[in-house]
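Trainee: The structure is given below, and queries will be raised subsequently.
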Amino acid sequence: MKNLILCLLAAMLGLLPAKAEKEFVNLTPRPKNLLTYDGRCTLPTAFSVGVDAALGDSVMEEAQRFVDILNASMPGYSVSLVHQTDEAFLKIAQYTGVASNVGNEGYRLVMKEDGITLTSLTRKGFYYGLLSIRKMLPANVALGIPGAEGTEYFLPVATITDNARFAYRGFMLDVSRHFFSVEEIKKMLDIMAIYKMNVFHWHLTDDQGWRAEIKQYPKLTTVGATRSNSWNTDIYMVDNYWWTGEGAYTGKTYGPYFYTQDEMREVVAYAAERHIDVLPEVDMPGHFVAAMAAYPEYSCTPANPPSVWINGGISSNVLNVADPKAVEFAQNILGELCDIFPYPYIHIGGDECPTSQWESNALCQQKMKELGLSSYRALQTHFIKEMSDFVGTKGKRLFCWNESVTAGGADLQLMKETGATIMCWNPCQGGAAKAAELGLDAIITEYHSSTGGYYINRRQSNDYGEPSGAGYGDDTVEGCYNYVPVPDNVTAANAKHYIGVQGTFWTEHVSSDEYLEYLALPRLICVAEAGWSTQGRKNWNDFKTRLTRDTEMLDAGGYVYGRHWMDNYVHRVYKNPIADGAVVKFTNQSTDRPRCLADQNGTLNGQGDACTEWKLEAAEKDGEYYILSNESGKYLNASGTASGSTVTLGTKKTAWTFDETTMSGYVAICLAANKDVAVNNNVNNASHARLFAHGTSNGASFWKVDLVQEPDAVAQVPTATGHPVQKIYDLNGRPSRRNGQGLRIVDGTKVFVK
Ligand code: ACM
């Protein structure tokens with residue numbers, strides 16, 4: 001009421017805009033039902049959050065966390081919590097509408113100019129409602145980090161009725177192939193939470209490394225957590241460049257890397273505060289080499305112990321499932337993990353398990369006979385059932401990859417008895433259909449299909465800037481977003497078994513935090529929206545608009561992410577671009593010898609001016625500049641002579657080509673951000689230019705570019721002419737990108753191609 005009076009007063013004094021407008025609602029995942037109205041719900045600088053006295057301590061606890069985050073992130077604001085709603089600006093109360101509208105996790109939010117009401121039926125629902133409020137406020141509030149002093153915090157005037165589409169909204173991280181710190185995992189949990197994802201699937205073990213401390217089996221981490229070769233630990237981002245390290249098979253030891261039980265508990269607790277469950281996975285009986293390197297007596301070849309694997313792919317070395325001691329080993333491991341992870345499920349993998357070793361193992365042959373099995377795959381099912389019975393004694397159920405029901409010879413009746421949840425990747429939809437037929441629940445995590453997929457470690461584009469990795473570059477952000485987890489032809493009876501979606505991240509090629517984030521974001525957010533929003537509410541263009549705004553939050557949170565999916569993406573800062581056609585002036589910055597500037601057609605301009613550095617100055621922008629580029633955007637081109645010449649934003653061009661034969665004595669200065677630079681080959685440059693291009697191999701040009709960024713002025717890594725060079729070097733002479741097939745200059749950096 002007080003607020004209303006203030007507003008009226010302000011309106012009378014002419015302090016309010018003449019016409020209130022609807023505010024943009026920046027809420028991802030898109031809510032089930034949203035109605036917006038003119039005006040703003042501006043948060044008073046001091047206000048209280050009131051939890052209805054009828055609601056218990058658990059809701060108070062949730063509200064307290066929210067209040068603490070608001071106070072921490074909104075300097076100058078004072079938010080208090082009370083256990084009654086009378087005077088509160090934000091009232092929290094029991095939902096009294098039709099229960100199915102909000103379900104188990106949903107909420108209703110009514111945001112008016114003079115206050116907010118949040119109602120729900122569950123603690124989780126209140127949590128998600130409060131999270132939505134944070135998400136709709138300026139970006140720092142979602143992250144819980146302090147915003148700028150004097151920021152005005154307001155919400156749209158709107159009503160939202162919301163609920164999750166799927167109960168399971170997961171993210172899987174493989175920490176075996178490459179290890180990620182607890183700190184990085186927490187960073188990923190933060191982003192999951194902001195987008196209302198609720199299960200962190202922790203792929204803790206694989207052939208290439210065992211990452212979970214198991215007290216009964218110390219060798220799992222003294223032996224199994226180290227491999228003798230760093231293996232593909234080769235892609236990093238440095239100063240906005242992807243660069244390859246020393247490449248695969250360096251001979252350097254990788255590890256020991258693992259999580260102590262205390263650290264695993266720490267992750268569980270951190271996740272729980274964000275209403276995220278942690279699903280641990282111990283992949284068995286295949287993908288189990290690291291364990292058998294530590295305890296070869298449980299392998300099929302004890303006399304010939306395996307080592308922790310340094311290869312990718314599928315090893316034929318698998319657990320001897322016919323040996324009761326090996327079965328007990330597996331059960332004891334699961335037993336310890338069941339005590340650490342409170343989630344009532346545990347994942348035992350089961351994917352990609354060759355049977356060849358069982359086929360030639362006497363114990364396995366004998367067990368086949370005893371059980372009367374006709375297929376060695378059924379021996380695996382038998383093992384799954386043993387694990388299922390065991391975790392059942394701990395009050396848990398299994399998750400298995402889809403091979404458990406799709407591999408030829410699997411005992412489907414026995415699988416049905418396990419009640420396992422089937423994680424479907426390949427064939428994803430076939431696996432889900434099979435699971436549903438058996439009455440088993442299915443999680444959709446399509447590895448790759450013509451219509452998109454959820455394996456979010458795969459290459460998302462084929463442009464020059466994309467670092468190498470798994471896949472073919474066609475696992476695009478849009479494909480991920482538009483993938484339909486429950487196709488129309490799934491019957492209603494089967495559809496109820498499709499209980500979730502998951503973004504899955506394998507790390508064979510990913511060792512750095514930056515690369516993890518770059519590939520996972522924003523595709524993880526696409527999966528989050530699929531997990532929460534109904535199919536009919538999904539809309540790629542609408543999503544892009546919201547997510548483009550969220551780049552402010554991702555930047556503030558220090559996340560690396562792919563931006564190529566955005567329309568008219570403006571590098572560095574999207575808030576303040578130079579308008580199309582704006583005049584940008586080049587001024588001479590140094591006294592070195594003549595240099596040139598190439599225009600969008602590769603034509604050289606500006607020769608004859610004495611400078612090594614050019615500075616872009618937009619009118620009245622004091623040297624700051626912003627360059628639009630993207631498929632549908634505009635690129636810089638240049639005309640006229642260099643000093644004092646002007647450039648206008650020109651039309652799209654896919655690459656700049658410098659032909660060194662016409663560049664004698666000059667250096668090409670590439671001022672455009674995010675532009676692919678290609679260099680003609682077969683050029684002998686020894687005498688002059690510092691742009692090197694050498695030879696061909698299999699039709700591809702290999703070349704080398706030394707980069708110097710101001711104030712650095714020293715060329716790095718000289719190269720003999722006539723030799724194919726397969727790498728590009730960054731400012732410090734470090735090799736960048738794979739095979740030197742191209743170079744992307746990102747983020748508006750002034751980069752000199754010498
Ligand atoms: C898998 O990608 N092997 C589950």
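Trainee: Let me make sure I get this right: for segment 108-174, a, b and c are the square roots of the gyration tensor eigenvalues over alpha carbons, sorted descending. Under 1.5 in a/c it's rounded, otherwise prolate if a/b > b/c, else oblate. Which is it?
Mentor: oblate
Trainee: Grab the eigenvalues of the alpha-carbon gyration tensor for segment 379-473, scale each by 5, take roots, and send me the semi-axes largest first in whole angstrom.
Mentor: 32, 14, 11
Trainee: Under a Cβ-Cβ cut-off of 11 Å, what is the net charge of the residues other than Trp202 that fall near it, where Lys and Arg count +1 and Asp and Glu count -1?
Mentor: Once positives and negatives cancel, what remains is -2.
Trainee: A follow-up question, please. Quick one: which residues, 5 or more positions from Thr507 or on another chain, have an amide H under 5 Å from its amide H? H modelled 1.01 Å from N in the peptide plane, none for Pro or chain starts.
Mentor: Amide H neighbours of Thr507: Asp174, Arg177, His178.
Trainee: Moving on to the next point. Calculated FRET efficiency, Ser100 and Leu34, Cβ-Cβ r, R0 22 Å, to nearest 0.05?
Mentor: 0.75
Trainee: Shifting gears a bit: Principal axes first, then extents: for the Cα atoms of segment 327-388, list largest minus smallest coordinate on each axis, whole Å, largest first.
Mentor: 38, 21, 18
Trainee: Here are some pairs, Lys91/Lys196; Lys434/Lys496; Lys112/Lys187; which of them have Cα atoms lying more than 24 Å apart in this structure?
Mentor: In this structure, Lys112/Lys187 lie more than 24 Å apart at Cα.
Trainee: When ranked by the protection proxy of mean other Cβ atoms within 10 Å per residue, highest first, what sequence do the peptides 166-176, 373-383 form?
Mentor: 166-176, 373-383
Trainee: If we sort 94-101, 346-353, 392-399 on the protection proxy, mean other Cβ atoms within 10 Å, highest first, what's the order?
Mentor: Per-residue Cβ counts within 10 Å, averaged per peptide and sorted highest first, yield 346-353, 392-399, 94-101.
Trainee: Can you sort His509, His497, His275 from fewest to most other Cβ atoms within 10 Å of each residue's own Cβ?
Mentor: Ordered by Cβ neighbours within 10 Å, fewest first: His275, His497, His509.
Trainee: Evaluate E = 1/(1 + (r/R0)^6) for Ala72 and Ser181, where r is the Cβ-Cβ distance and R0 equals 25 Å; express this FRET efficiency to the nearest 0.05.
Mentor: E(calc), rounded to 0.05, equals 0.60.
Trainee: Further question on the same structure: Which chymotrypsin sites (Phe, Trp or Tyr not before Pro) from segment 256-341 combine a DSSP loop assignment with at most 15 other Cβ atoms within 10 Å?
Mentor: Answer in residue order: no site qualifies.
Laboratory data are not the source of any read-out in this text; all were calculated from the coordinates shown. Please read these numbers as outputs of a predicted model, since none were measured by experiment. Neighbour counts are summed over all protein chains in view; Cβ atoms, including those assigned to glycine, are modelled from backbone coordinates with ideal geometry.
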